[in-house]
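Participant: Below: one structure in structure tokens.
The values are calculated or read from the model by the stated rules, or taken from the named source; none is laboratory data. All of these numbers come straight from a predicted model, not from anything done at the bench. As a convention, Cβ positions derive from the backbone with ideal geometry for all residues, glycine included, and neighbour counts pool all protein chains shown.
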Protein chains: 2
Amino acid sequence: MTERITVVKIGGNVIDDAAALKRFLGEFAALPGAKILVHGGGKLATRLAERLELEVRMVEGRRITDKGMLDVVTMVYAGLVNKQIVAGLQAAGCNAIGLSGADGNIVTARRRAPEPVDFGFVGDIERVDHKLLGRLLDAGLVPVFPAIMHDGRGTLLNCNADSVASAVALGAARLAPTDLIYCFEKRGVLRDAEDEGSVIREITAATYPPLKADGTVSKGMIPKIENALRAVEKGVRSVTIRSAERLADDSGTTIR
Amino acid sequence: MTERITVVKIGGNVIDDAAALKRFLGEFAALPGAKILVHGGGKLATRLAERLELEVRMVEGRRITDKGMLDVVTMVYAGLVNKQIVAGLQAAGCNAIGLSGADGNIVTARRRAPEPVDFGFVGDIERVDHKLLGRLLDAGLVPVFPAIMHDGRGTLLNCNADSVASAVALGAARLAPTDLIYCFEKRGVLRDAEDEGSVIREITAATYPPLKADGTVSKGMIPKIENALRAVEKGVRSVTIRSAERLADDSGTTIR
């Protein structure tokens, strides 16, 4: 069994930029030790839905995943984006294997309750098969997950990629000490939003409340940090928020 | 290691019919022993290309896979169709795992030479990693392959699903006695094309030439039978052409 596992999550800002993605995949391939990649989908799914003239329904600022949209995200995330990433990693000498949750039944999700808002085919992670994960890692494979999972009863579900990353990291943590890296468009949590040099190096359960109270951590960063604190509390060794351009650096904001 | 391996190939006639596919997946899940599924894509890729208004270019009756079309077949075959099949098999209690050739570098292909006709991103199978195949089968997994492979240098390639099935069966034959079943819209090779009851039960290298000479085996059936004869010659125990509706039967035409 491996000594440590690194789980990295990338989002649309890397996936939508071919040059940035290529550079990222090269750096990811060079990371030492056992590793796992989780990816979002970027703008491609939205663009494809528009070209197919699917009606995009939003409730409370969030997109509803109806059957047509589920097919689109399955095609784009689990198909095109996942296989391009896997082929790119293989070219970089990294033995990647793409896995939706249905593949090997490795991650199951539960469809979100239709009340008060029915988001359609959207799921929350239920279970990660850490034993299968361990067997793949032991075989020298590098799992690459899109955020498409299944309910075990034949239905695919669109999940949140950040949540997939943290669930997979928690599963990995049962195998070996696990560090989770969220790649981000900024260098980390900034003390001054205008100054990329003002990265807060470390946040803990003790130092977080004042950062939230004074607005340093605000908006979309709040669920990210709170998810990270929960992941650390449950057994992930560290969660780091870091620029995708600096994957191999010891940079960013680390939650311990 | 397993005592025998069954490789089954399905095409568009099953994939395009939701009820037929569901019934097929139930029967496939119930097949005893180690098994592998290879699938084509059906009409969905063509329909998606039409909706995206991609120009469909045909040369000598064959579609050119340009970059836009490669993205479409990757989305549809390796994404939507593959993940729906895998989720359907999981629901039927079969521990399926979807694998393009890039996943685990399990199948590599070589891009077809651009002379005399440049078919674009079309590949011919080069190598099947039978050791990885064996490791997956030993773990109780059921590999499900779309016909999307890679060249190992970052490029995905659209391959012929019949050829993928026979290459995978040849790889499997290095692990255990392997039987390959091509699911077909008819019950097998018919002595009388109008009579579904006139299935020729067995064809061998000795009995084939007269069947070809008298036109019993003609048109699209010729490459199928000749591929099957080659697969048997190279080590596959048997190749059967059988109706998708009778998967579990001892029916169809068997090439030995």
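Participant: Quick check on my filter: what residues within region A:172-182 are touching a strand residue (DSSP E or B) at 6+ places or on another chain (Cβ under 6 Å) and surrounded by fewer than 24 Cβ atoms within 10 Å (Cβ to Cβ)?
Facilitator: A:ALA176, A:ASP179
Participant: Is it fair to say B:THR74 is under 18 Å from the mean Cα position of the chain (by Cα) and within 19 Å of A:VAL81 (Cα to Cα)?
Facilitator: Yes; evaluated as a whole, the condition is true for this residue.
Participant: Tell me whether region B:247-256 contains one or more residues that are more than 22 Å from the chain's Cα centre (by Cα) and either surrounded by 17 or more Cβ atoms within 10 Å (Cβ to Cβ) or modelled with pLDDT under 95 (or both).
Facilitator: Taking region B:247-256 as the starting set, the residues that turn out to be more than 22 Å from the chain's Cα centre (by Cα) are none.
No - not one qualifying residue is present in region B:247-256.
Participant: Report yes if B:GLU3 is modelled with pLDDT under 95, at positive phi and away from chain A (no Cβ under 11 Å), otherwise no.
Facilitator: Criteria not met by B:GLU3.
This table checks each residue for (1) among the charged types (D, E, K, R); (2) modelled with pLDDT of 95 or more; (3) closer than 30 Å to A:GLY154 by Cα.
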site	(1), (2), (3)
B:ARG51	yes, no, yes
B:ARG57	yes, no, no
B:ARG63	yes, no, no
B:VAL72	no, yes, yes
B:VAL76	no, yes, yes
B:LYS83	yes, yes, yes
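Participant: If I go through region A:225-256 residue by residue, how many of them are in contact with an Asp or Glu (Cβ under 7 Å, 6 or more places away or on another chain) and either farther than 13 Å from A:CYS183 by Cα or part of a helix (DSSP H, G or I) (or both)?
Facilitator: Residues that pass the stated criteria total 4.
Participant: Go through (1) within 8 Å of chain A (Cβ to nearest Cβ); (2) in a helix (DSSP H, G or I) for B:ALA20 and report which single condition fails.
Facilitator: Condition not satisfied by B:ALA20: (1).
Participant: To continue, here is another question. Quick one: B:VAL117 ticks every box in (1) under 27 Å from B:GLU60 (Cβ atoms); (2) part of a helix (DSSP H, G or I) bar one, so which box is it?
Facilitator: Tallying (1) under 27 Å from B:GLU60 (Cβ atoms); (2) part of a helix (DSSP H, G or I), B:VAL117 fails exactly one: (2).
Participant: Would you check if B:ILE222 is modelled with pLDDT under 95 and on the phi < 0 side of the Ramachandran plot?
Facilitator: Yes, satisfied.
Participant: State the number of residues belonging to region A:133-163 that are closer than 21 Å to A:ALA96 by Cα and of a type in the set (Lys, Arg).
Facilitator: 1
One line per residue, one yes/no per condition, for (1) among the small types (Gly, Ala, Ser); (2) out of contact with any Lys or Arg (no Cβ under 9 Å at 6 or more places or on another chain); (3) farther than 22 Å from A:GLY68 by Cα:
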position: B:VAL8; (1), (2), (3): no, no, yes
position: B:LYS22; (1), (2), (3): no, yes, no
position: B:LEU44; (1), (2), (3): no, yes, no
position: B:ARG51; (1), (2), (3): no, no, no
position: B:THR65; (1), (2), (3): no, yes, yes
position: B:GLY68; (1), (2), (3): yes, yes, no
